[in-house]
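The values are calculated or read from the model by the stated rules, or taken from the named source; none is laboratory data. Just so we're clear, the structure is a prediction, and the values are computed from it rather than from any experiment. Heads up, the Cβs are rebuilt from the backbone with ideal geometry, glycines too, and the neighbour counts pull from every protein chain shown.
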Amino acid sequence: MGQTRKLKTSEKVSRRDFMASVAASPLLPGVGASQGNIPAINSNRRAAWIEDWPLVIVGNWDDAPLFICRRGNIWTWQDEEYRSQQTEDTVKKLKELGVTLAVLCFYKGFGLVAERPYFNDARKMAALCHRFGIKVGVYVGSTISYEAFLLENPKAEDWIVSDYQGRPVTYSRQQWRKRVYFMHPGYREYMKRVLRVAVEEVQTDLIHFDNTSNQAEPAIFQHPLAAKDFRAFLASKYTPDALEKRLGIRDPRYVLPPCPDWELATIDDPLFQEWTDFRCEMLSRYYQEMAAFIHSLNPQVAVVNNPARGLSGSNTYWQEGVDYPRLLAHTQAVWAEEGKLPHPMAGDILVSKIRTYQMAANLNNRIFTSSTGLYGGRPQSETQVKLDLAEAMAYNRQCLGMVGGIQTVQRLTEGAKKYIQFFGRNARLFRRTESAADVAVFHSFGTLAFNNDRPYQSTWLFEQTLIQAKIPFDIIFDQHLKDLSQYRVLILADVECLSEEQLNVIRAYVKKGGGLVATEWTSLYTEWRALKSNFGLGDLFQVEPPAFIDNGITVSLPVHQSKSDTGPVRNQTDGGRVVYLPEVKPSVAKPAMTPMANHYWALPLNAPELVDAVRWAGGGELALEVKAPPAVTTNLVSQRSSGAVLVHLVNYDVERTPKVENIEVWLRPPVHKKVMQVSLFSPDDDGVQTLPPITRDGKLGFVVPSLNTYSVVEIQWE
């Protein structure tokens, strides 16, 4: 990754150029300048153990008596329960259950002095866990419990944030937990003191930073220092000529953070757009700095944070300053708290965390999530628990997620224990895998950060169609456009905003034989959502742009008219194939200015049309074909070390259809490889089945005799 490009006169920096410097460049002048430069995190300094360690997680970070006392809702035996967690007998039972990582209560924001007793508890518990071969993580919160904290450090009052109306910004209704401007030099230095204790005294293997999704919310950036940093950001990003072209001013010294108190369908104000980019950038820079500091103490400590929502249909860029590609450049795992997911087919809607798992895997991370409801969730049926664990095995990176609290995990059902034991016993099947999908869905920053409506609906529904059609796909981001060579088909589901550089990359991809499927207003805007008179990819689409009508307001942009009455347009170019579809037609339309929540995920009305478009654009030769009901999903991965290919199968409708029989699977074998063995593994059945391979027209096929909740097929090659 290179440094930020220096602008020529009157030239505007594209967002893509600016993002290219995220992982490697020093801090912008004036932004946290007291800390000097932030060193880049080299990939060889990432904790090696987490790449090979099968992750089965428990935790107790909300169990510290001090926290519970201040929170309220206490019970008389709480202290006794807390102490009982820290015994050799408890740790031995965790080991017997198959637990491999315990995340311990450590820092809840009361201060180094007030929480010193819990640091000592964590150190003793860590030593016990290490003795039994269990890795240890520690919890680090992002709020300050100011009543206690300010007694230790009165100057910290300068870190605390008030919103634009002067009201304190707190953690939900826990008003004693105040939020801070995380880029304040004093706060950053203090957090490094906390981290030093965790690494050097506790000897932790992992740092779990919590509440990341709250750190860069709009209200946080009303802090006076944040306003100063925003001006420095603009001054560093643009020359005066470029800034005048972008914002109509040559000097940002009087710029203030926006104060929107209304819902926005689109983010069209250029200052609001820059502020979104700035907040995403600052959150990434904070974790870059913290990770660099942690690794300077011990490069084998893994870094985890909690952006919470995952890809659940919300605009995390605007709402929370969370741009996953930037943020995950400095982590090895992230938490996802998407609610009661997955559902065993809620009505006719397949609800899953598949998108979030795929996003993290493609960004070299794994997902931590509550997979049994035994910590911070509601009790779940055994069917639901097994489905949660099955989904994690199929789509996560060698991680079952959090299976309970240190004490509550003892209440796991026998079925859940069987799944955990299967995962541990067959850990080699899940180790160091990578996607073998040949279809990609592009998530564009400009599109999804600046439009809360149709792009989310179209993208999520197109992905839902692929999931239920059993077409493996990757979710890719701006930086991934540089190399599309592994994909037969690129999907642009209403990707409105594309830069000229991105348009040229897509054209080159098609010219080299790639398939392209685009919908609605794809390429009708620049990366900053400036409207064009024609599609940027009009030469590939071969269709007229949408008609425009004046909305009757002076000096306003035209309003697009729908072209949904026309059908798909297919074009075969000199190299590749292109399909343009005028609309992804929702079965249940998402209301304007609301998240694309899972109750809108019903298959679109023209789902067969979307599937046909993808298959035609891929020349009828996609990587995998599976004949099974719509509630059965698949994931196709390959293993770096062995070269094996793995096909994961999950039955989301297991409550209504407890067994699916005779699932036919076809895939394209690697070039110059012959099948050696096809083996079927499942926690629902004992033993391993050998499946007879079938070869036809250059493809490999086999039949899975039956699927209950989860199975995985391993294909080994000669």
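In a residue-by-residue description of segment 363-372, the property of being over 28 Å from Leu461 (Cβ atoms) and at pLDDT below 95 applies to at least one position.
Selection within segment 286-317: residues that are of a type in the set (A, V, I, L, M, F, W, C) and either under 15 Å from the mean Cα position of the chain (by Cα) or assigned to a strand (DSSP E or B) (or both). The member of this set that is nearest to Gln273 (Cα to Cα) is Leu311.
Would you point out which residue out of Pro629, Pro683, Pro669, Pro705 is touching a residue at least 12 places away in the same chain (Cβ under 8 Å), over 20 Å from Glu434 (Cα atoms) and surrounded by 16 or more Cβ atoms within 10 Å (Cβ to Cβ)? Of the residues listed, the single one that is touching a residue at least 12 places away in the same chain (Cβ under 8 Å), over 20 Å from Glu434 (Cα atoms) and surrounded by 16 or more Cβ atoms within 10 Å (Cβ to Cβ) is Pro683. Among the residues of segment 616-632, the ones that are more than 27 Å from the chain's Cα centre (by Cα) and among the charged types (D, E, K, R) come to 2 in all. Please verify whether Glu714 is surrounded by fewer than 17 Cβ atoms within 10 Å (Cβ to Cβ), out of contact with any Asp or Glu (no Cβ under 8 Å at 6 or more places or on another chain), assigned to a strand (DSSP E or B) and touching a residue at least 24 places away in the same chain (Cβ under 8 Å), treating the condition exactly as stated. Criteria not met by Glu714.
Listed here are the residues, each with its yes/no results for (1) modelled with pLDDT of 95 or more; (2) more than 30 Å from the chain's Cα centre (by Cα); (3) in a helix (DSSP H, G or I).
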{"residue": "Ser213", "(1), (2), (3)": "no, no, yes"}
{"residue": "Ala235", "(1), (2), (3)": "yes, yes, yes"}
{"residue": "Pro252", "(1), (2), (3)": "yes, yes, no"}
{"residue": "Val255", "(1), (2), (3)": "yes, yes, no"}
{"residue": "Pro260", "(1), (2), (3)": "no, no, no"}
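Applying the condition of being part of a loop (DSSP other than H, G, I, E, B) and not hydroxyl-bearing (Ser, Thr, Tyr) to segment 318-336 and asking which residue is farthest from Tyr600 (Cα to Cα) yields Gln332. Residues of segment 241-260 that are exposed (fewer than 14 other Cβ atoms within 10 Å of the Cβ) and without any contact (Cβ under 8 Å) to a residue 24 or more places away in the chain: Gly248, Arg250, Asp251, Arg253, Tyr254.
Just name the residue that is farthest from Phe230 (Cα to Cα) out of those in segment 148-188 that are among the charged types (D, E, K, R) and in contact (Cβ under 8 Å) with a residue 60 or more places away in the chain. In this case the residue turns out to be Arg177.
Selection over segment 460-495 of residues that are without any contact (Cβ under 8 Å) to a residue 40 or more places away in the chain and either of a type in the set (Asp, Glu) or closer than 16 Å to Ala518 by Cα (or both) gives a count of 2. Counting the residues of segment 129-176 that are out of contact with any helix residue (DSSP H, G or I) (no Cβ under 8 Å at 6 or more places or on another chain) and in a strand (DSSP E or B) gives 5.
Let's see how each residue does on (1) under 26 Å from Gly620 (Cα atoms); (2) in a strand (DSSP E or B); (3) at pLDDT below 95:
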residue: Leu649; (1), (2), (3): yes, yes, no
residue: Glu655; (1), (2), (3): no, no, yes
residue: Pro669; (1), (2), (3): yes, no, yes
residue: His672; (1), (2), (3): yes, no, yes
residue: Val678; (1), (2), (3): yes, yes, no
residue: Gly687; (1), (2), (3): no, no, yes
residue: Pro692; (1), (2), (3): yes, no, no
residue: Thr695; (1), (2), (3): yes, yes, yes
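For segment 417-439, the tally of residues that are touching a helix residue (DSSP H, G or I) at 6+ places or on another chain (Cβ under 8 Å), closer than 30 Å to Gly513 by Cα and buried (at least 22 other Cβ atoms within 10 Å of the Cβ) stands at 1. Do you know which of the residues in segment 112-143 that are within 30 Å of Glu217 (Cβ to Cβ) and free of Cβ contacts under 8 Å to residues at least 60 places away in the same chain is surrounded by the fewest Cβ atoms within 10 Å (Cβ to Cβ)? The qualifying residue surrounded by the fewest Cβ atoms within 10 Å (Cβ to Cβ) is Val113. What about Trp616, is it among the aromatic types (Phe, Trp, Tyr), assigned to a strand (DSSP E or B) and touching a residue at least 40 places away in the same chain (Cβ under 8 Å)? Against the criterion (among the aromatic types (Phe, Trp, Tyr), assigned to a strand (DSSP E or B) and touching a residue at least 40 places away in the same chain (Cβ under 8 Å)), Trp616 does not qualify. For segment 262-282, the count of residues that are of a type outside the set (Gly, Ala, Ser) and closer than 25 Å to Arg397 by Cβ is at least one.
The residues of segment 308-349 that are of a type in the set (Lys, Arg) and at pLDDT below 95, listed by number, are Arg309, Lys340. Checking every residue in segment 455-468 against the condition of being assigned to a strand (DSSP E or B) and either assigned by TED's automatic domain parsing to the domain that holds Val650 or of a type outside the set (Phe, Trp, Tyr) (or both) gives zero matches. Among the conditions (1) buried (at least 24 other Cβ atoms within 10 Å of the Cβ); (2) modelled with pLDDT of 95 or more; (3) over 15 Å from the mean Cα position of the chain (by Cα), the only one that Ala392 does not satisfy is (3). Residues that are under 20 Å from Ala126 (Cβ atoms), in contact (Cβ under 8 Å) with a residue 60 or more places away in the chain and out of contact with any helix residue (DSSP H, G or I) (no Cβ under 9 Å at 6 or more places or on another chain) within segment 68-100 comprise just one, Glu81.
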